[in-house]
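Data block below; observations after.
The values are calculated or read from the model by the stated rules, or taken from the named source; none is laboratory data. Here the structure is a predicted model, which is why all the values come from computation and not from measurement. For neighbour counting, all protein chains shown are included, and Cβ atoms are generated from backbone atoms with ideal geometry for every residue, glycine included. Keep in mind that these areas ignore ligands, DNA and RNA; they rest on the heavy atoms of the full protein, side chains included. Shrake-Rupley method; radii C 1.70, N 1.55, O 1.52, S 1.80 Å.
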Amino acid sequence: MSKNKHPETIALHGGDYRSDPATTAVAVPLYRTTSYQFNDTDHAANLFALKEFGNIYTRIMNPTNDVLEKRVAALEGGLAAVTVGSGQAASTFAIMNVCQSGDNFVSSTDLYGGTVNLFTHTLKKLGIECRYADPSDPSNFEKLIDDRTRCFYAETLPNPYLRVFPIKEVSDIGRKYSIPLIMDNTAAPVICKPLEHGAAVVVHSLTKFIGGHGTVIGGCLVDGGNFDWTKDPKRQPLFNEPDASYGGAQWGVVVPQLTGANVSYAVRARVVLLRDLGAPLAPDNAWGIIQGLETVPLRMKQHCSNAEKAVAFLQKHKNVDRVIYPTLHKGEIGERSKKYMKGGSGALIGIEVKGGVEAGKKFIESLKMFYHVANIGDARSLAIHPATTTHSQLTEEELLAAGVTPGYVRLSIGIEHPDDIIADLDQALGASGKPSLKAVS
Ligand code: PLP
């Protein structure tokens with residue numbers, strides 16, 4: 001059903017779901033069950049031995065989650081997906097599926113703060129080292145590889161700089177060494193498809209644009225099915241050495257044999273990590289996210305077109321010192337947004353309000369329609385002043401290193417009418433010196 005279909009169609013019809021096999025219900029049903037009746041003892045034994053695939057227990061799989069997983073996989077052009085309880089759990093699983101104690105991975109420096117904490121502190125305590133590479137030069141990734149480097153990690157559209165990541169450039173480097181690139185595509189569903197540019201795995205916080213309504217926390221890993229986990233067995237021991245926790249399974253070998261598909265990464269994440277670490281996405285939350293997913297292609301168009309109009313307005317405003325948006329970067333970094341983003345450059349905008357911290361605070365407090373929240377990707381327009389909130393524990397130097405200047409405000413442009421968005425920005429920036437709204441709407 002999903003092959004060769006457009007995102008608008010996949011979002012509604014993808015995932016091998018036409019109607020509920022038991023009731024013919026058209027909307028995806030919410031299967032609130034922990035467990036599933038086995039047909040007989042052989043059936044149960046076959047499921048546990050992975051000789052047959054089917055439902056065992058909702059910590060590991062659920063039919064509602066299954067539709068969501070298949071639809072997100074299809075939207076990304078991947079082969080399989082695994083949902084988990086949050087985007088944060090998805091990033092944790094993404095790394096733990098390839099790294100064990102003593103291993104390392106190379107990550108872009110441009111990351112969500114929660115991911116930085118996870119990589120720098122929590123994974124370090126588990127013996128997994130994160131090495132940071134500045135993505136402005138892709139070769140920085142190559143310089144940090146050693147024989148225990150297991151993956152590369154980056155975000156498609158990271159804030160505050162909003163520099164689109166050089167996906168193909170870095171994935172090409174990785175593939176020379178059998179190192180997969182894992183892309184967090186949270187900020188750019190539909191408009192960027194990292195797997196088409198060589199990434200092996202995509203991670204999503206479903207909480208943001210895919211859920212889209214600020215109602216549900218969730219995360220997902222998508223297996224691109226385009227990476228050979230057995231090419232260099234020493235590089236990927238978790239996919240080539242026998243797994244004592246699962247009857248000696250060599251995941252990179254056994255999964256393609258059993259399924260006929262290159263989905264070893266997704267299967268291992270499900271049957272080892274979900275089994276052992278828990279953190280499944282509750283079916284209720286999967287159902288909530290499906291409601292958002294069904295319209296995400298439409299919403300992304302409106303997010304992007306509204307953001308472009310807001311950027312044009314903000315660039316002319318005398319109380320704005322600088323506007324940060326993917327297409328405004330000069331040279332190669334600006335070119336990357338054209339190369340990798342199709343149909344728009346996203347909803348996120350950074351602005352530097354003239355007058356530093358006080359002006360940034362005043363601007364946020366003066367917004368009437370925008371919500372002041374620590375979130376992105378809601379259908380509603382959102383704003384935050386990082387220097388006094390998310391980044392308030394940092395010193396002035398650390399703030400600047402993170403790209404957060406005192407007057408920096410992050411906007412996540414919603415799907416309201418663009419004139420109303422611009423009017424709210426305009427009144428909050430102060431009436432003086434405002435350009436004509438007609439010029440940009
Ligand atoms: N990745 C990115 C880019 C994010 O912005 C966030 C949250 O803000 C996460 C991951 C974590 O997602 P969640 O809040 O669903 O755990």
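Observations, loosely collected:
- Each residue of the range 1-138 gets 176 Å³ once the volume of the Cα convex hull is shared out per residue.
- Ranking MET61, MET300 by solvent-accessible area of protein heavy atoms (1.4 Å probe, all protein chains present), from largest to smallest, gives MET61, MET300.
- Structural size metrics of the chain, computed from C-alpha coordinates, are Rg and Dmax of 22.3, 77 Å.
- Length released on extending from LEU126 to ASP419, taking residue separation times 0.36 nm less the Cα-Cα span: 100.5 nm
- Within the chain, the selection of entire DSSP H helices by a Cα span of 18 Å or greater along the long axis and an average Kyte-Doolittle value of at least 1.0 returns an empty list.
- Backbone HN-Hα couplings from phi across the range 376-384 [Karplus 6.51/-1.76/1.60, Hz, Gly and Pro as x]: 9, x, 6, 4, 7, 6, 10, 8, 8
- Förster radius 35 Å - calculated FRET efficiency between LEU12 and LYS338 (Cβ-Cβ, nearest 0.05): 0.75
- With Rh defined as the Kirkwood radius, the inverse of the mean 1/r over Cα pairs, the Rg/Rh of the range 170-229 is 1.05.
- Checking the cross-link pairs LYS70/LYS208; LYS5/LYS330; LYS318/LYS368 against a 25 Å limit on the alpha carbon distance flags LYS5/LYS330 as lying beyond it.
- Inter-centroid distance (Cα atoms) of the range 109-133 relative to the range 322-398, Å: 23 Å
- With DNA, RNA and ligands ignored, accessible area of MET96 (1.4 Å probe; Å², nearest 10): 50 Å²
- The chain - percent of accessible surface contributed by carbon and sulfur, probe 1.4 Å: 54 percent
- Calculated from the alpha-carbon coordinates, the range 297-432 shows an Rg and a Dmax of 14.4, 41 Å respectively.
- Normalising the average separation of contacting C-alpha pairs (under 8 angstrom, six or more residues apart) by the number of residues puts the relative contact order of the chain at 16 percent.
- Accessible area of the chain divided out per residue, in Å², using a probe of 1.4 angstrom: 42 Å²
- Backbone amide hydrogens, once placed in the peptide plane, bring ALA80 within less than 5 Å of ASP223, excluding anything fewer than 5 places away on its chain.
- Legend: residues TRP287, TRP251, sorted from most to least accessible area (1.4 Å probe; ligands, DNA and RNA excluded), read TRP287, TRP251.
- Taking the empirical scaling 2.2 N^0.38 Å for compact globular proteins as reference, the range 213-286 has a Cα radius of gyration ratio of 1.27.
- Near VAL373, the amide H atoms lying under 5 Å from its own belong to ALA383; only residues 5 or more places off or on other chains count, and H is placed 1.01 Å from N.
- Taking amide hydrogens as placed 1.01 Å from N in the peptide plane, the amide H of VAL320 sits under 5 Å from those of LYS354, each at least 5 positions away in sequence or on another chain.
- LYS176 versus GLU396: modelled label distance in nm, points set 7 Å from Cα along the beta carbon direction: 4.3 nm
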